[in-house]
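Undergrad: Here it is: the structure, laid out below.
Throughout, read-outs are computed from the coordinates displayed, never taken from laboratory work. All values reported here derive from a predicted model rather than from experimental measurement. With ideal geometry, Cβ positions are generated from the backbone for all residues, glycine too; neighbour counts draw on all protein chains shown.
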Amino acid sequence: MVLDRLRRGAVAKDPKKIPDGLWLKCPGCGKTVFKKLVEERQDTCPECNYHYTMSSVRRIELLIDSGTWKEWDAGLSAADPLTFTDSKPYPKRIAESQLKTGMNDAVVCGTGALNGMAVGLGVMEFAFIGGSMGSVVGEKLTRLVERSTAARMPVIIVSTSGGARMQEGALSLMQMAKTSAALGRHKEAGLPYLSILTNPTMAGVMASFASLGDIIIAEPKALIGFTGLRVIKETIKQELPEGFQTSEFILQHGQIDLIVTRQDLRGELARVLSYLHRPRSTAAA
Amino acid sequence: MCLAKAGQPRPQPSTGPAPRAAHWLTWMATYHAGVSNPFTFLDPLVALEAKIQELEQLAQSRGVDLSVEVASLRQKWAEESDRTFAGLTAWQRVQLSRHPQRPQASDYIDRIAQEFVPLAGDRVFGDDAAIITGLGRIGAHACLIIGQQKGKDIHERKRCNFGMPHPEGYRKALEKMRLAERFHLPVVCLINTPGAFPGVEAEERGQSLAIAVNIRDMSLLRTPIVVAVIGEGGSGGALGIGVGDRMLMLQNSYFSVISPEGCAAILWKDGAKRDIAAASMGLTADILSRHGIVDEILPEPPGGAHRQGDAMAAILQAALVRNLDALTKLPMAELLDRRYAKYRTIGQVIEGGELLTGARMAAAHG
Ligand SMILES: [Zn+2]
């Protein structure tokens, strides 16, 4: 805390002297904050604790014991089942996103230890076409859940998505069914699934696996819902209730279990899992 | 969920202002106001129908025999119908799926079920008229029938919220499906929705949760499920009662990740490009069947389902009975494994430079 304040004091004197890229304007409080400090605080604002978008790489670092992460199905990439072209051909859109993000598609899946407990983890990446779910996201998450079921591991999925990927048409829509069916079998095997909702989690993702957690946890002030705000506004032509579709709003409406800040997330997940999951001791033998 | 707020008046399902964002509704309003006729591609058929009617009336009033002329015109009409329906664009099929005279779930239930005991309510919040549920006999099969209903006149349309369900509609459907599971009744789902309702109360009561839980629990339900798309298959709102062992689809219906209007507005930044969007999204039965999503395409009778409701209902009934016959013979474990495999194999990905789809994709990992 003292260090925080010192640094803030130091940089606040003359932010203009600091080269570009070292500063962020916080969307939460509007203040200019030191980027390095934000990063040290797991991508949250030192002034108001606004939760910035967190990359999948950083999220895995946040949740998984170092040296234990093993990625699965990294090589999967999108096909073009409909030969889809809007402002650009779909394969070109994919290639550009891959170049921009260094990822093959909008989710990273794998296994690792969370405070010593083996888990299956999927983390979505908003930077990749808005975290949209097409066949690759659906297939990777399904494999994650199936492997975790076979290994009797809990599943954790960190969601962020604008919804299903339109460029793969109904194939994207059906990934909602595919992932949910896999989670259904995981559930019937008596294994826990923790769903983490981050800003934003909407539409087809929210209406499938993201809503199916045995425990559903949201990060503070995330936008979470089924229909986008603009469409709802056009529909009802009225002002929306205050805080509509935020984590706090859906908590109040009974749709999630907890709101947990990023600093506490790993500890809270470990705590919850210690109640819901008892790994078979024979597995280690 | 809202019931937790003790002492407050119980919120009612929205009957408020007409939803503008529901493209189906905007489309209907334009049609009824005569602003535009989306069915000009049917004009030659309509003209022939008028001529046939005219000749028949003439024959009756004058007592002359025009049967040869009428027969020849009917022949011409059938040929014209074949030509028209074979060459429809994706957008024209979307329009047909929204035709105001197209039979709805209630019309099919009347025609295909020997009796029907409607069951209301989700036992928690309310009764959503956008989803009909009830017990009925189809052929020899005592079933649970679930159908999305848009409404036939303005009063029913308002009551049904224009076929856009609220969460309580999805929860009602699941509640009755659990009943069906307990008493070994197969489930028949008739899909016809522009989408789940995009409104404040729907969000407050957990639209996403309701749909997600239905999708998961339908994949696990221990009784056969046959799904038939009879009109619009609008996105998650359709899938919320749309997971099953077999998916049938009427020839002039659609099933899509988003409405063509919505897709055009987002990807083309122009809602008017809906015909291009419709053609791009692969939302028609033929393409969906190639991708393993649709199992059976039901041909519509000459003139389309909206011209020959009885004939369409007979085709649907025969298909339902045939599928129910087959599914009810399967052992439960096999039924559920096949259902899982049906969804497990949908999609296309590239792995190791190889295009994987269908069973090969599902088998690709250990
Ligand atoms: Zn801030």
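Undergrad: What shape does the protein assembly as shown take by its C-alpha gyration tensor, where a ≥ b ≥ c are the square roots of the eigenvalues and a/c under 1.5 counts as rounded, a/b above b/c as prolate, and the rest as oblate?
TA: On the way: a/c = 1.95, a/b = 1.73, b/c = 1.13.
Note, shape of the protein assembly as shown comes out prolate.
Undergrad: Within segment B:148-257, which chymotrypsin sites (Phe, Trp or Tyr not before Pro) sit in a loop by DSSP and count at most 11 neighbouring Cβ atoms inside 10 Å? Don't jump to the answer; show the numbers that get you there.
TA: Working: sites: B:PHE162, B:TYR170, B:PHE183, B:TYR254, B:PHE255; in loops: B:PHE183.
Passing both the DSSP loop test and the Cβ count: B:PHE183.
Undergrad: Give, rounded to the nearest 20 debye, the magnitude of the charge dipole that chain A has about its Cα centre when Lys and Arg contribute +1 at Cβ and Asp and Glu contribute -1 at Cβ. Mind showing how you got there, number by number?
TA: Numbers: 35 positive and 29 negative charges, 107 e Å.
Dipole about the Cα centre, nearest 20: 520 debye.
Undergrad: Also, quick follow-up: In whole Hz, what ³J(HN,Hα) sequence does segment A:141-152 give by Karplus (6.51, -1.76, 1.60; θ = phi - 60°), x for Gly and Pro?
TA: 5, 5, 4, 4, 5, 5, 5, 5, 5, 4, 8, 6
Undergrad: Pick out, from B:GLY195, B:VAL117, A:CYS109, the residue whose Cα sits farthest towards the positive end of the charge dipole of the protein assembly as shown, with +1 on the Cβ of Lys and Arg and -1 on the Cβ of Asp and Glu.
TA: Checking the options against the dipole of the protein assembly as shown, the answer is A:CYS109.
Undergrad: For a quick check, take a GNM of chain A with Cα springs below 10 Å and name the residue from A:GLY75, A:GLY213, A:GLY169 with the largest mean-square fluctuation.
TA: A:GLY75
Undergrad: Given charges of +1 on the Cβ of Lys and Arg and -1 on the Cβ of Asp and Glu, with all other atoms neutral, how large is the dipole of the protein assembly as shown about its Cα centre, in debye to the nearest 20? Walk me through the numbers before you get to the answer.
TA: On the way: 75 positive and 68 negative charges, 333 e Å.
Around 1600 debye, computed over the protein assembly as shown.
Undergrad: Just want the answer: with Cβ charges of +1 for Lys and Arg and -1 for Asp and Glu, which residue in B:LEU320, B:ILE346, B:LEU356 is farthest toward the dipole's positive end in segment B:301-366?
TA: Of B:LEU320, B:ILE346, B:LEU356, it is B:LEU320.
Undergrad: Using modelled amide H (1.01 Å from N, peptide plane; none on Pro or chain starts), what sits under 5 Å from the amide H of A:ILE215, excluding residues fewer than 5 places away?
TA: When sequence neighbours closer than 5 places are left aside, the close amide H contacts are A:TYR193, A:SER195.
Undergrad: Next question. With each pseudo-label sitting 7 Å past Cα toward Cβ, what's the B:ALA272-A:CYS48 distance in nm, one decimal?
TA: Taking the simple label geometry, B:ALA272 and A:CYS48 are separated by 4.1 nm.
Undergrad: Contact order normalised by length for segment B:93-329, with contacts defined as Cα pairs under 8 Å and 6 or more residues apart; what percent is it? The partial results should precede the final answer.
TA: Working: 512 pairs, mean separation 45.6, N = 237.
Normalised by residue count, the contact order of segment B:93-329 is 19 percent.
Undergrad: When B:THR133, B:THR193 are ordered from fewest to most other Cβ atoms inside 10 Å of their Cβ, what list results? Let's see the in-between values first.
TA: Working: B:THR133 28, B:THR193 33.
Fewest-to-most Cβ neighbours within 10 Å comes out as B:THR133, B:THR193.
Undergrad: For chain B, set up a Gaussian network in which alpha carbons nearer than 10 Å are linked by springs, and say which option among B:HIS166, B:HIS99, B:HIS155 fluctuates the most.
TA: B:HIS155
Undergrad: Here's another thing I want to ask about it. Please work out the FRET efficiency for the pair A:LEU99 and B:LEU58, using the Cβ-Cβ distance as r and a Förster radius of 51 Å; give the result to the nearest 0.05. Don't skip to the answer; put the middle values down first.
TA: Numbers: r = 72 Å, r/R0 = 1.41.
Efficiency, from the Cβ-Cβ distance: 0.10.
Undergrad: Next up: Choose one of A:ALA95, A:ALA203, A:THR53: the residue whose Cα lies farthest towards the positive end of the charge dipole of chain A (beta-carbon charges +1 Lys, Arg; -1 Asp, Glu; about the Cα centre).
TA: A:THR53
Undergrad: Could you please rank B:SER106, A:SER195, B:SER36, placing first whichever residue has the fewest other Cβ atoms within 10 Å of its Cβ? Intermediate results must be reported in sequence, preceding the final value.
TA: On the way: B:SER106 19, A:SER195 25, B:SER36 10.
In increasing order of surrounding Cβ atoms, one gets B:SER36, B:SER106, A:SER195.
Undergrad: Pick from B:ASP295, B:ASP82, B:ASP127: which is most flexible by mean-square fluctuation in a GNM of chain B where alpha carbon atoms under 10 Å apart are linked?
TA: So, out of B:ASP295, B:ASP82, B:ASP127, the one fluctuating most is B:ASP82.
Undergrad: So, R0 is 30 Å and r is the distance between the beta-carbons of B:ARG137 and B:ALA333; what FRET efficiency does that work out to, to 0.05? Mind showing how you got there, number by number?
TA: Numbers: r = 27 Å, r/R0 = 0.90.
Computed FRET efficiency for B:ARG137 and B:ALA333 comes out at 0.65.
Undergrad: As a test of the formula, what do you get for the protein assembly as shown when each DSSP H run with n ≥ 4 contributes -39,500 (n - 2.57) and the sum is divided by the residue count, at 222 nm and rounded to the nearest 500 deg cm²/dmol?
TA: Values: 27 runs with 283 residues, N = 651.
Taken over the protein assembly as shown, the calculation gives -13000 deg cm²/dmol.
Undergrad: Moving on. Using 0.36 nm times the number of residues separating B:HIS155 and B:SER67, minus their current alpha carbon distance, what extension gain do you get?
TA: On the way: separation 88, 0.36 × 88 = 31.68 nm, distance 4.19 nm.
That pair, B:HIS155 and B:SER67, stretches by 27.5 nm at full extension.
Undergrad: Which far-off residues, 5 or more places away or on another chain, put their amide H under 5 Å from the one on B:GLN348, with H placed in the peptide plane?
TA: When sequence neighbours closer than 5 places are left aside, the close amide H contacts are A:SER135.
Undergrad: Can I ask one more? Determine the distance separating the Cα centre of segment A:98-117 from the Cα centre of segment B:185-245; give it in Å without decimals.
TA: 31
Undergrad: Rounded, prolate or oblate: pick one for segment B:277-366, where a ≥ b ≥ c are the square roots of the eigenvalues of its C-alpha gyration tensor, a/c under 1.5 means rounded, and failing that, prolate if a/b is larger than b/c, else oblate. Let's see the in-between values first.
TA: On the way: a/c = 4.76, a/b = 1.41, b/c = 3.37.
Because a/c hits 1.5 or more and a/b fails to exceed b/c, segment B:277-366 counts as oblate.
Undergrad: How would you classify segment B:40-87 from its alpha-carbon gyration tensor, with a ≥ b ≥ c the square roots of the eigenvalues: rounded for a/c under 1.5, else prolate if a/b is greater than b/c, otherwise oblate?
TA: Values: a/c = 5.92, a/b = 2.18, b/c = 2.71.
Cα axes put segment B:40-87 in the oblate bin.
Undergrad: Taking the number of other C-beta atoms within 10 Å as the exposure measure, put B:VAL117, B:VAL46 in order starting with the fewest. If you can, show how the numbers build up before the last one.
TA: Details: B:VAL117 10, B:VAL46 13.
In order of increasing Cβ crowding within 10 Å: B:VAL117, B:VAL46.
Undergrad: If you place +1 on the Cβ of every Lys and Arg and -1 on the Cβ of every Asp and Glu, how big does the dipole about the Cα centre of chain B come out, in debye to the nearest 20?
TA: Values: 40 positive and 39 negative charges, 171 e Å.
Dipole about the Cα centre, nearest 20: 820 debye.
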